Amino acid sequence: MAFKPDQMENLKAAKGAPGKEKISSAEARALLEAEKVYRAGVTSVKDLIAPSSMRVEPRAVELNGQFLTTLFAINYPRYINVGWFSPIINYNSPLDISMFFYQLPSEVILKQLKNKVGSLEAQLMADAEKGAPRDPVRETALKDIEVLRDDLTQGTEKFFQFALYVTVYSKTKEELELLVEKVESLFGSKLVYSKRALYQAEQGFNSSLPLCNDELQISFNMNSSPVASSFPFISSELTSDDGILYGINRHNNSLIIFDRFSLQNPNSVVFATSGAGKSYAIKLEVLRSLMLGTEVMIIDPENEYKYLAEAVGGAYINISLNSATKLNPFDLPKGIGEDTKPADIIRSAVITLKGLVRLMLGELTHQEDSLVDQALLQTYAKKDITADSDLSAIEPPLMRDFEEVLASLQGGDSLVLRLKKYTEGTFAGLFNSPTNIDVKNQLICFSVRDLEDELKPIAIYTIVNYIWNTVRSELKKRILVIDEAWWLMQREDSAKFIFALVKRCRKYYLGVTTITQDVNDFLTSPYGKAIVTNSALQLLLKQSPASIEMIKDTFMLTEGEKYLLLEGNVGEGIFFAGDKHVAILVKASYTEDQIITSDPRQLLEIEAAKKDFEASMDKS
C-alpha cells in the first residue's frame, strides 16, 4: 500500500509517539481507511475552483457547457507600432491572454547573428559576382542584423523568446468559429500571423490560466522594443500641441492639454456634487483661456466669480431689482452671416420672447399663445421695426409697449393683468427699461445672487439672450459659462432655448459650458440629455450615490470609473474629450489658487493679508 506524506506522519505518530501504545498493522490500515473516508468529505480550494465538467476535443475544450479555444501568434512584421495589441485587448468578448518572456544570453545571440551576417554577406557577394540583380530582402535583413548587433553590444536591447496566447470563449461551437475568425482578422490587420491550437486545446487552455505554465511552447524571437510594444496595459493619453492645461492625467501623471475649439463642437458640461471642485475647475479654465485671448462671459448665481473678475480687471455686473443695471429683452442683434436679414432676426427674437413670456406668465392656452405671438410682432411694428427696417438705427420697444399692445387686443385682458407685476408691480423696472450695458471687456460676469428665486430663471434667460445677441453681432472666440444650469432646465421653454443655443453656437465661435450639481433634474429633462450629447467636452467630478447610476448609464462608465467618482477627492474625476476619456486631477499653481479659490478660510486669509498690506502702505 502506498501512503501519502501526511498519512505517514500520522501513522508514525500513532506507532511511536512516547507515552502511547503501539498499534498493529491492521489497526494502522483501519486508521488510514477512516482518514481516507474523512478526507473524501472535506472541501479544498481546488474543489471550489474546479469546473464541474470538462471535455477535450481536437479543436476546442468544452468547459461547464462553454466552448473555448486558444490562438497563438507565430510571426510578426518587420515593424510594429506601440499599442498594436490594444484592439484585441478591448475586443467586446471574454478573452484570456497570456504572455511568456524567455530572456536569452546576449553572447549566444551575438554569436548566431555574426554567423548569419557572414552568410548573408557571402550570398550578396556571390550574387554580385554572377551579375544577378540585387536582393532587397537580404540587404534589409543585413542592415537590421547589424543594428541589432550594435544595440545588444551596447546593452540598449535584450533578446527574448516571446510567446503570446489568446483563449476565446463562446456558448456554442458555431459562435466560437465566428469569434476565432474575428480575432484572427484583428491579428491579420496588424500583419501578425496567428494560428489555432489543434489537438492541443487543453494545453492552450492551461497555458492561458494564471499558473505561469507554458504548455504550448510556441515562441518567436524578438528584441526588447517590439516585445515592449505588445505590452497589454496601454496608458491613456489625452493631450495636444495647442490649448490650455485642464489638469494632470492620473493614469500616468502626464499633462492634459486640450483646445476645446478643435473638437466637433466647443461645448462643455460639468457635473459634480457641492464642494467637489466644479467651480474651481471652471475658474481655472477661464483664467487660462483669458491668457490665450479668449473672451469669457459668465452667469454667476452665487458671486463665486467676483474675486476672479476683480483680479483680472474684468467687468462684474449685478442684476437685481435695486440695481442700476438694466437689460431690455426686446433688444435685437445686428446679425452676421446668414442672420443679416431683418425678417429672420425679428422672427428669431419673437420666438425667444415667447419663451420668456411663458416663464413670466406661466402656461398659456393656444388662444393666449396666438395673442402673444401677434402682440410681439405688433410691438416691434409700433417702433417701425419690420422686415424692411434698418436694424442698426432702431429704438427697441420696452415691456410696457408690449403691455399696451396686449391691452388693445381682444381677449388680452387676463394676460395684461398677469404682466402688470413686471411693469407696475413688485418686479417693475427689471425688464422695463432700456439696456444700459455696453461693456467692452475680455471677462464679463453677470451676478444674479441678489434676485428672488422666482425671478432667477427669468433673469438668466434674459441674460443668455443678451449674450446670444452680442455673440451674433460680432464674430470672436468666446466662452459662455452658465453656472447652476438646472435653474433653466426646470422649465421646458428655457431648457429648449439653452439647447438651441448649444446646437447653434459653433458657427459663431462660441463654446457653452453648463455646470450643475443637480444631476437628476438636468438629465431627466430631454433637453438636458441632448445638451450632453452636443457637448464634446465633459467633466465629471465627485458624484452623490443618488445620481451615480444615472451618470453611469448616460456616460457609459465602467464599474471602476463609477467608484472613482463616488470615492474621489476634491478636484478628482473623469475628463472626456470626444471619444477619449481619462482620470483627471485638477491642479492649480499657487498664484492661480489665490485668484480662483472659493474656500471661505482662504478668502478670509487673503482679505486679512490685503488689509495688512494696505495698512503698511499707509504708514510708509
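Rule-based calculations on the coordinates, nothing more; no lab input. As the structure is a prediction and not an experimental result, all values here were calculated from the model. For neighbour counting, all protein chains shown are included, and Cβ atoms are generated from backbone atoms with ideal geometry for every residue, glycine included.
So the values come out like this:
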{"item": "The chain, relative contact order [Cα under 8 Å, separation at least 6], %", "result": "16 percent"}
{"item": "Set of lysines near K562 by C-alpha distance (under 27 Å), chain-local residues within fewer than 8 positions excluded", "result": "K278, K283, K529, K542, K552, K580, K587"}
{"item": "Cβ crowding within 10 Å averaged over residues, with 305-312, 215-222 ranked highest first", "result": "305-312, 215-222"}
{"item": "Under-14-angstrom lysine pairs by C-alpha in region 57-229, whenever the two are 8 or more apart or on separate chains", "result": "4"}
{"item": "Global form of the chain, assessed from the alpha-carbon gyration tensor, a/c cut-off 1.5", "result": "prolate"}
{"item": "Selection from G188, M550, N520, by position along the positive dipole direction of the chain (Cβ)", "result": "G188"}
{"item": "Extended-chain gain in nm, criterion 0.36 nm per residue less alpha-carbon gap, D553 and T172", "result": "134.2 nm"}
{"item": "Per-residue ³J(HN,Hα) for region 303-314, Karplus 6.51 cos²θ - 1.76 cosθ + 1.60, θ = phi - 60°, Hz, x for Gly and Pro", "result": "6, 6, 9, 5, 5, 4, 4, 5, 5, 9, x, x"}
{"item": "Förster radius 51 Å - calculated FRET efficiency between I97 and R449, Cβ distance, rounded to 0.05", "result": "0.35"}
{"item": "Cα long-axis angle, helix 492-504 against the chain (0 to 90 degrees, to the nearest 10)", "result": "70 degrees"}
{"item": "For G511, distant residues with modelled amide H under 5 Å away", "result": "R478, I479, L480"}
{"item": "Relative packing of 349-356, 126-133, which averages over residues the other C-beta atoms within 10 Å, highest first", "result": "349-356, 126-133"}
{"item": "Protection proxy ranking, peptides 111-119, 287-295, 475-483, average beta carbon neighbours within 10 Å, highest first", "result": "475-483, 287-295, 111-119"}
{"item": "Potential extension, K587-E424 segment - 0.36 nm per residue separation minus Cα distance", "result": "53.7 nm"}
{"item": "L292/A393 FRET efficiency (R0 45 Å; Cβ-Cβ; nearest 0.05)", "result": "0.80"}
{"item": "Efficiency of FRET from Cβ geometry, T524 and L321, R₀ 51 Å, rounded to 0.05", "result": "0.95"}
{"item": "Approximate spin-label separation L566-Y199, in nm, with each point projected 7 Å along Cα-to-Cβ", "result": "5.2 nm"}
{"item": "Virtual paramagnetic centre 7 Å along Cα→Cβ of M54, amide N under 15 Å, in region 166-207", "result": "200-207"}
